[in-house]
Amino acid sequence: MSKKIMVLALAAVSAAFFALPAMASAEEIHWDTPEAFSISGAGGELRAETEQPITCTKTEGNGKYDAGSTTTGTSELKFTGCHTSVFGFTASCKTGAEAAGTIVTSGAFHLITWSESTGTVDPVKPAVLLTPATTTIVCAGIANITTHGTVIGTILKPACGGSGKELELSFTATGNVQTHNMYTGVPHDLTSTTGNGSALTSALVGNAVNKQANAGTLTCT
């Protein structure tokens, strides 16, 4: 059984599927007021090829920027109400000693931009690159899958040059392949390794909001 651990901001959340648009350019972006923040969302889904998805109903967590940085930091996410289908029955999934249905993960984040070539239009869009720690998820108390890798999500709000107290993040995929999976010409995706050693391409789907006390501005140049 295989599934991807949901990391957000969100914490959302990775892969490779249909041919993606060429990436014209990519670079770091900056949040000029790098404060500690809370993370919240309505859960999401971890998908892996040939496997039933792991679905969670709620996302929460917290994060902070590295000292002196306006681009990188770390975050911790807790997903609750997590479950999957095993032989037609609903089975809860969890990590370690957490309560049934609870998946906890942590890792690093990096604020970036990606540019998608679409004919004469080449819009630069803000995004986040997440690198969750290797995490093992157990479902139904017997089946386990270990998730590792990186995943790229889009920053919906604010737009480049915009301000606010929140960063709204979105992780999307087609099937088990993340919508955006290239940065500086390097592929990024999540991989789920099942108990029998099979390595499966995985993706994180979901939205989350990072909220801090004071407003900041997102600079993409």
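The values are calculated or read from the model by the stated rules, or taken from the named source; none is laboratory data. Worth saying up front: this structure is predicted, and the values here are computed from it rather than measured. No Cβ is skipped: glycine too gets one built from the backbone with ideal geometry, and neighbour counts run over all protein chains shown.
Please indicate, with yes or no, whether at least one residue in the stretch 152-161 is within 10 Å of the chain's Cα centre (by Cα), polar (S, T, N, Q) and surrounded by 19 or more Cβ atoms within 10 Å (Cβ to Cβ).
Taking every residue of the stretch 152-161 in turn, none turns out to be within 10 Å of the chain's Cα centre (by Cα), polar (S, T, N, Q) and surrounded by 19 or more Cβ atoms within 10 Å (Cβ to Cβ).
Scan the stretch 116-127 and give yes if some residue there is closer than 30 Å to Thr217 by Cβ, crowded, with 16+ Cβ neighbours inside 10 Å and among the hydrophobic types (A, V, I, L, M, F, W, C), otherwise no.
Checked against the condition, which is being closer than 30 Å to Thr217 by Cβ, crowded, with 16+ Cβ neighbours inside 10 Å and among the hydrophobic types (A, V, I, L, M, F, W, C), the stretch 116-127 yields at least one hit.
Out of the residues in the stretch 184-218 that are crowded, with 24+ Cβ neighbours inside 10 Å and hydroxyl-bearing (Ser, Thr, Tyr), state the one that is farthest from Lys64 (Cα to Cα).
Thr201
Kindly list the number of the only condition in (1) in a strand (DSSP E or B); (2) within 25 Å of His30 (Cβ to Cβ); (3) more than 17 Å from the chain's Cα centre (by Cα) that fails for Thr221.
Of everything listed in (1) in a strand (DSSP E or B); (2) within 25 Å of His30 (Cβ to Cβ); (3) more than 17 Å from the chain's Cα centre (by Cα), Thr221 misses just condition (1).
Can you name the residue in the stretch 87-99 that is of a type in the set (Gly, Ala, Ser) and either exposed (fewer than 15 other Cβ atoms within 10 Å of the Cβ) or touching a Leu at 6+ places or on another chain (Cβ under 8 Å) (or both) and is also farthest from Trp31 (Cα to Cα) among such residues?
Within the stretch 87-99, the match that is farthest from Trp31 (Cα to Cα) is Gly88.
Checking the conditions here, which among Thr71, Thr84, Thr135 is among the hydroxyl-bearing types (Ser, Thr, Tyr) and either surrounded by fewer than 20 Cβ atoms within 10 Å (Cβ to Cβ) or within 19 Å of Val209 (Cα to Cα) (or both)? Please lay out each step first, then the result.
Values: Thr84 fails: either surrounded by fewer than 20 Cβ atoms within 10 Å (Cβ to Cβ) or within 19 Å of Val209 (Cα to Cα) (or both); Thr135 fails: either surrounded by fewer than 20 Cβ atoms within 10 Å (Cβ to Cβ) or within 19 Å of Val209 (Cα to Cα) (or both).
From the options Thr71, Thr84, Thr135, the qualifying one is Thr71.
Quick one: which strands (runs of 3 or more DSSP E) sit completely within the stretch 42-89 and have at least 2 residues that are touching a Phe, Trp or Tyr at 6+ places or on another chain (Cβ under 8 Å), within 22 Å of Ile112 (Cα to Cα) and not small (Gly, Ala, Ser)?
58-65, 72-80
Looking only at the stretch 134-163, which residues are hydroxyl-bearing (Ser, Thr, Tyr) and part of a loop (DSSP other than H, G, I, E, B)?
Pass one, the stretch 134-163, residues hydroxyl-bearing (Ser, Thr, Tyr): 134-136, 146-147, 150, 154, 163.
Those that are hydroxyl-bearing (Ser, Thr, Tyr) and part of a loop (DSSP other than H, G, I, E, B): Thr134, Thr150.
Can you spot a residue in the stretch 164-180 that is among the β-branched types (Val, Ile, Thr), under 22 Å from Thr194 (Cβ atoms) and part of a loop (DSSP other than H, G, I, E, B)?
no
Is there any pair with a first residue in the stretch 96-115 that is at positive phi and a second that is in a strand (DSSP E or B) and of a type in the set (D, E, K, R) whose Cβ atoms are under 7 Å apart and which are 6 or more apart or on different chains, and what are they?
What qualifies is Gly101/Lys94.
Scanning the stretch 169-183 for residues that are modelled with pLDDT of 90 or more and not polar (S, T, N, Q), which turns out surrounded by the fewest Cβ atoms within 10 Å (Cβ to Cβ)?
Per the stated criteria, the residue is Gly175.
Any chance you could count how many residues in the stretch 47-66 are crowded, with 22+ Cβ neighbours inside 10 Å and under 20 Å from Leu167 (Cα atoms)? Steps first, please.
First pass over the stretch 47-66, keeping only residues crowded, with 22+ Cβ neighbours inside 10 Å: 47-48, 51, 54-56, 59, 61, 63.
Then drop every residue that is not under 20 Å from Leu167 (Cα atoms), which leaves 59, 61, 63.
Count: 3.
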